[in-house]
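The values are calculated or read from the model by the stated rules, or taken from the named source; none is laboratory data. Because the structure is predicted, anything quoted here is derived from the model rather than measured. Because the Cβ atoms are built from the backbone with ideal geometry, glycine has one as well, and the counts that use them run over all protein chains shown. Heads up: the accessible areas ignore ligands, DNA and RNA and are worked out on the full protein's heavy atoms, side chains in. Shrake-Rupley method; radii C 1.70, N 1.55, O 1.52, S 1.80 Å.
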Amino acid sequence: MKAGWYEKNGEAKDVLVVGEMETPKPGVGEVLVRLMASGVNPSDVKSRRGRPLIAPRIIPHSDGAGVIEAVGDGVDASRIGERVWTWNGQWKRPFGTAAQFIALPVDRAVRLPDGIDFDAGACMGIPGLTALHAVKLHGDIAGKTLLVTGAAAAVGHYAVQMAKAAGARVIGTTSPARRDHALSAGCDAVIDYRSEDVAGRVKELTGGKGADGIIDMDFSSTAGLLPGGILAQHGKFVCYGSNVAGDVPVSFPALLWGSLSLEVFVVYELTAEERAVRLRELNEMLEAGTLKHTIGATYGLDEIVAAHEAVEGGRVTGNVVLRTG
């Protein structure tokens, strides 16, 4: 099979290689998926740049979509030919979805509903599940106000849609160039995080109260806004990322006197119970056709370097996908 891989950390142009590898075989409890699309996420490029390698060779990317080609022992053969999307393809495993095939545990290949194309399916594992879990951690949000940082980014764009569907009022942050994209997801108001006082604008938009909840992509910048009253009394701060890998200071008095709660998660490590519920809920949304999918750019497998550079450069509005089939 053709695959893209790296054997050391570094810049995309210096370490990514495309070539031929042996096609994997499904083991016990596994399926072999002929991949048609592979999602390229910020975590994939960060891993390539700096995460220690767990094997001599790494095929990157955890998200993908394709068709089950074969099954291993213990898997119902009726799944052969099924259209699927994948999750955690390269999490704690060396060979991900930047290839023509992947063998992975059967539960990581989820049926892709009819009418949903492979490009969209390749955006569910990280962006879709992260957005859904972040929204659901807030509980019943009907009539409440949520702040979604990075509302035009891959996760944020889905989170806005999901929060609106659950009855929330949504304020988003984004750059001026992506304002319309955030509004198209359903934001009721958009704040330019580059030039506006975000906490001040949130208080202005909520009559001084602050948002009832935050869905945050960058703890390193948003945590510093808590003393400014960005969250209402008893508000909840849900975060799934930070642009600073090290320690980030957070105001204990703001948490204490606001009776605020803080919950941080990484989508790769949802519990089995959480994962099962979110997979069902996400596929129900796909079945209903309620989600808008924005594929900002597609590349061929031979163009994997350009795809990684596009994600790192932040030049693309929407998801970046490799066409592998």
Filter the range 246-270 down to residues that are open to solvent by 70 Å² or more (accessible area, probe 1.4 Å), over 25 Å from GLY89 (Cα atoms) and not aliphatic (A, V, I, L, M), then give me how many there are.
-> 5
So which of GLU20, GLU69, GLU11 is modelled with pLDDT of 95 or more, touching a Phe, Trp or Tyr at 6+ places or on another chain (Cβ under 8 Å), among the charged types (D, E, K, R) and open to solvent by 70 Å² or more (accessible area, probe 1.4 Å)?
-> GLU69
If you go through the range 112-148 one residue at a time, how many are in contact with a Leu (Cβ under 7 Å, 6 or more places away or on another chain), open to solvent by less than 10 Å² (accessible area, probe 1.4 Å) and assigned to a loop (DSSP other than H, G, I, E, B)?
-> 1
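Across the range 174-197, which residue is surrounded by the fewest Cβ atoms within 10 Å (Cβ to Cβ) among those that are assigned to a loop (DSSP other than H, G, I, E, B) and not polar (S, T, N, Q)? Break it down stepwise before answering.
Residues of the range 174-197 that are assigned to a loop (DSSP other than H, G, I, E, B), as a first pass: 175, 186-188, 193-197.
Restricting the remaining residues to those that are not polar (S, T, N, Q) gives 186-188, 193-194, 196-197.
Working: GLY186: 20, CYS187: 26, ASP188: 15, TYR193: 20, ARG194: 10, GLU196: 14, ASP197: 13.
By that ranking, first place goes to ARG194.
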When only residues in the range 290-318 that are free of Cβ contacts under 8 Å to residues at least 12 places away in the same chain and either of a type in the set (Lys, Arg) or not in a helix (DSSP H, G or I) (or both) count, which is most open to solvent (accessible area, probe 1.4 Å)?
-> ARG315
Residues of the range 44-57 being under 13 Å from LYS92 (Cα atoms) and small (Gly, Ala, Ser), which ones?
-> SER47, ALA55
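Do we find that VAL155 is in contact with a helix residue (DSSP H, G or I) (Cβ under 7 Å, 6 or more places away or on another chain), closer than 21 Å to ASN283 by Cβ, of a type in the set (Val, Ile, Thr) and in contact (Cβ under 8 Å) with a residue 60 or more places away in the chain in this structure? Talk me through it step by step, then tell me what you get.
Numbers: in contact with a helix residue (DSSP H, G or I) (Cβ under 7 Å, 6 or more places away or on another chain): yes; closer than 21 Å to ASN283 by Cβ: yes; of a type in the set (Val, Ile, Thr): yes; in contact (Cβ under 8 Å) with a residue 60 or more places away in the chain: yes.
So VAL155 fits the description; yes.
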Kindly indicate whether any position in the range 99-111 is in contact with a Phe, Trp or Tyr (Cβ under 6 Å, 6 or more places away or on another chain), under 24 Å from GLY150 (Cβ atoms) and either open to solvent by 50 Å² or more (accessible area, probe 1.4 Å) or not polar (S, T, N, Q) (or both).
-> no
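Could you tell me whether any residue of the range 219-228 is in contact with a His (Cβ under 9 Å, 6 or more places away or on another chain), open to solvent by less than 70 Å² (accessible area, probe 1.4 Å) and under 25 Å from THR174 (Cα atoms)?
Taking the range 219-228 as the starting set, the residues that turn out to be in contact with a His (Cβ under 9 Å, 6 or more places away or on another chain) are none.
No, there is no match, as no residue in the range 219-228 is in contact with a His (Cβ under 9 Å, 6 or more places away or on another chain), open to solvent by less than 70 Å² (accessible area, probe 1.4 Å) and under 25 Å from THR174 (Cα atoms).
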Say whether the condition of being within 14 Å of ALA134 (Cβ to Cβ) and part of a loop (DSSP other than H, G, I, E, B) is met by at least one residue in the range 200-220.
-> yes
Small (Gly, Ala, Ser), surrounded by fewer than 16 Cβ atoms within 10 Å (Cβ to Cβ), within 21 Å of THR145 (Cβ to Cβ) and free of Cβ contacts under 8 Å to residues at least 60 places away in the same chain: does that describe GLY200?
-> yes
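Does GLU287 satisfy the condition of being touching a residue at least 60 places away in the same chain (Cβ under 8 Å) and open to solvent by less than 70 Å² (accessible area, probe 1.4 Å)? I'd like the intermediate steps shown before the answer.
On the way: touching a residue at least 60 places away in the same chain (Cβ under 8 Å): yes; open to solvent by less than 70 Å² (accessible area, probe 1.4 Å): no.
So GLU287 fails the test.
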